[in-house]
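K.L.:
Here it is, the structure, as structure tokens.
The values are calculated or read from the model by the stated rules, or taken from the named source; none is laboratory data. Keep in mind the model is a prediction, meaning the values are calculated, not measured. Cβ placement follows ideal geometry from the backbone for every residue including glycine, while neighbour counts extend to all protein chains displayed.
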Amino acid sequence: MMRVFLAIPLPETVRDQLSIVAQMLPVPRRVPPENLHLTLTFLGDASARDLEALHSALEGVQVPSFPIALRGLDVFGRDKPKSVHATIAPQPALTRLAGKVETAARRAGIEVAARKFVPHVTLARFRPAEVDVPRLERAIIDLAGVSAGPFDVTGFTLYQSHLGDGPPVYEVLAEYELRS
Ligand code: 2AM
């Protein structure tokens with residue numbers, strides 16, 4: 001089985017901008033710049049057969065390319081934060097794309113957790129006890145004006161996540177283009 005997810009890769013300039021922002025956060029571990037991405041759907045463990053079915057289903061996803069922009073920061077976990085992310089300015093085309101890839105995954109027989117799509121780019125993950133919460137909240141308020149992009153989303157990628165000591169290694173398994 002392979003641990004896989006579908007995500008939008010970010011242009012290098014955007015990753016560079018976000019990693020500068022991440023450096024300003026009072027957190028113990030940041031996502032390495034090369035790992036920054038926008039997840040469309042987390043698929044979890046899938047077999048090679050699942051992935052073949054998924055590949056056929058994804059080739060049928062037809063969505064025109066669209067622009068997105070990153071605006072401001074937020075946390076997951078509220079008063080016990082466990083990650084900080086850059087938020088994405090509202091973009092209905094992005095929500096539509098996420099819905100279509102999720103439907104494609106379900107058609108391919110992959111179980112996808114029913115979760116509301118909250119588009120974001122995670123900048124740091126940690127345990128709540130590892131951060132000074134008021135200090136982190138102040139930093140997030142101070143950085144409320146950060147932005148990156150806009151840039152055109154021209155495709156999405158199927159990644160395999162290899163977990164080990166340290167940050168995960170994301171391997172590209174397949175790339176899907178959006179029509180321009
Ligand atoms: P996150 O950035 O908000 O943690 C690869 O792990 C990607 O899939 C990450 O972007 C992660 O989101 C997302 N993801 C969603 N659900 C997940 C889960 N249950 N376990 C691990 N990653 C998950």
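K.L.:
Look at residue 149 and say whether it is at positive phi and touching a helix residue (DSSP H, G or I) at 6+ places or on another chain (Cβ under 7 Å). Give the steps one after another, and end with the answer.
P.N.:
Working: at positive phi: yes; touching a helix residue (DSSP H, G or I) at 6+ places or on another chain (Cβ under 7 Å): yes.
Yes: the conditions hold for residue 149.
K.L.:
Kindly check whether there is at least one residue in region 149-165 that is assigned to a loop (DSSP other than H, G, I, E, B), within 13 Å of the ligand (Cβ to nearest atom), at pLDDT 95 or above and surrounded by fewer than 16 Cβ atoms within 10 Å (Cβ to Cβ). I'd like the intermediate steps shown before the answer.
P.N.:
At the first step, the residues of region 149-165 found to be assigned to a loop (DSSP other than H, G, I, E, B) are 154, 163-165.
Imposing the further condition that a residue be within 13 Å of the ligand (Cβ to nearest atom) reduces the set to 163.
Narrowing the set further to residues that are at pLDDT 95 or above leaves 163.
Narrowing the set further to residues that are surrounded by fewer than 16 Cβ atoms within 10 Å (Cβ to Cβ) leaves 163.
Yes - at least one qualifying residue is present in region 149-165.
K.L.:
Give region 118-148 a look and list any residue that's without any contact (Cβ under 8 Å) to a residue 40 or more places away in the chain and not in a helix (DSSP H, G or I), or say none.
P.N.:
Scanning region 118-148 gives a single hit, 118.
K.L.:
When both residues are 6+ apart or on different chains and their Cβ atoms are under 8 Å apart, which pairs have a first residue that lies in region 33-44 and is closer than 15 Å to residue 166 by Cα and at pLDDT 95 or above, and a second that is surrounded by fewer than 18 Cβ atoms within 10 Å (Cβ to Cβ) and charged (D, E, K, R)?
P.N.:
33/16
K.L.:
Select, from 127, 138, 115, the only residue that is closer than 30 Å to residue 67 by Cβ and either at pLDDT below 95 or charged (D, E, K, R) (or both). Don't jump to the end; show me each part of the working.
P.N.:
On the way: 127 fails: closer than 30 Å to residue 67 by Cβ; 138 fails: closer than 30 Å to residue 67 by Cβ.
Testing whether each residue is closer than 30 Å to residue 67 by Cβ and either at pLDDT below 95 or charged (D, E, K, R) (or both) leaves just 115.
K.L.:
Considering each of 98, 104, 86, 93 in turn, give the residue that is in contact with a Leu (Cβ under 7 Å, 6 or more places away or on another chain), more than 16 Å from the ligand (Cβ to nearest atom) and either under 30 Å from residue 132 (Cβ atoms) or not in a strand (DSSP E or B) (or both). Steps first, please.
P.N.:
On the way: 98 fails: more than 16 Å from the ligand (Cβ to nearest atom); 86 fails: more than 16 Å from the ligand (Cβ to nearest atom); 93 fails: in contact with a Leu (Cβ under 7 Å, 6 or more places away or on another chain).
Result of the check over 98, 104, 86, 93: 104.
One line per residue, one yes/no per condition, for (1) within 17 Å of the chain's Cα centre (by Cα); (2) surrounded by 14 or more Cβ atoms within 10 Å (Cβ to Cβ); (3) farther than 19 Å from residue 158 by Cα; (4) among the polar types (S, T, N, Q):
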residue: 57; (1), (2), (3), (4): no, yes, no, no
residue: 60; (1), (2), (3), (4): no, no, no, no
residue: 63; (1), (2), (3), (4): no, yes, no, no
residue: 67; (1), (2), (3), (4): yes, no, yes, no
residue: 76; (1), (2), (3), (4): yes, yes, yes, no
residue: 79; (1), (2), (3), (4): no, no, yes, no
residue: 84; (1), (2), (3), (4): yes, yes, yes, no
residue: 90; (1), (2), (3), (4): yes, no, yes, no
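Residue-wise test of (1) in contact with a strand residue (DSSP E or B) (Cβ under 8 Å, 6 or more places away or on another chain); (2) free of Cβ contacts under 8 Å to residues at least 24 places away in the same chain.
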| site | (1), (2) |
| --- | --- |
| 24 | no, no |
| 27 | yes, no |
| 49 | no, yes |
| 53 | no, no |
| 61 | yes, no |
| 68 | yes, no |
| 97 | yes, no |
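K.L.:
If we scan region 70-77, do we find a residue that is in a strand (DSSP E or B), modelled with pLDDT under 95 and either aromatic (Phe, Trp, Tyr) or closer than 25 Å to residue 25 by Cβ (or both)?
P.N.:
Filtering region 70-77 down to residues in a strand (DSSP E or B) leaves 70-76.
Right, trim to modelled with pLDDT under 95 and you get none.
Looking through region 70-77, none of the residues is in a strand (DSSP E or B), modelled with pLDDT under 95 and either aromatic (Phe, Trp, Tyr) or closer than 25 Å to residue 25 by Cβ (or both).
K.L.:
Here's another thing I want to ask about it. Please find, among 50, 45, the residue that is over 19 Å from the mean Cα position of the chain (by Cα) and either closer than 26 Å to residue 173 by Cα or assigned to a strand (DSSP E or B) (or both). It would help to see each step written out before you state the result.
P.N.:
On the way: 45 fails: over 19 Å from the mean Cα position of the chain (by Cα).
Criteria check complete, one pass: 50.
K.L.:
Test residue 123 against the criterion of being loosely packed, with under 13 Cβ neighbours inside 10 Å and within 12 Å of the ligand (Cβ to nearest atom), and give yes or no.
P.N.:
Numbers: loosely packed, with under 13 Cβ neighbours inside 10 Å: no; within 12 Å of the ligand (Cβ to nearest atom): yes.
Taking the combined requirement at face value, the residue does not satisfy it.
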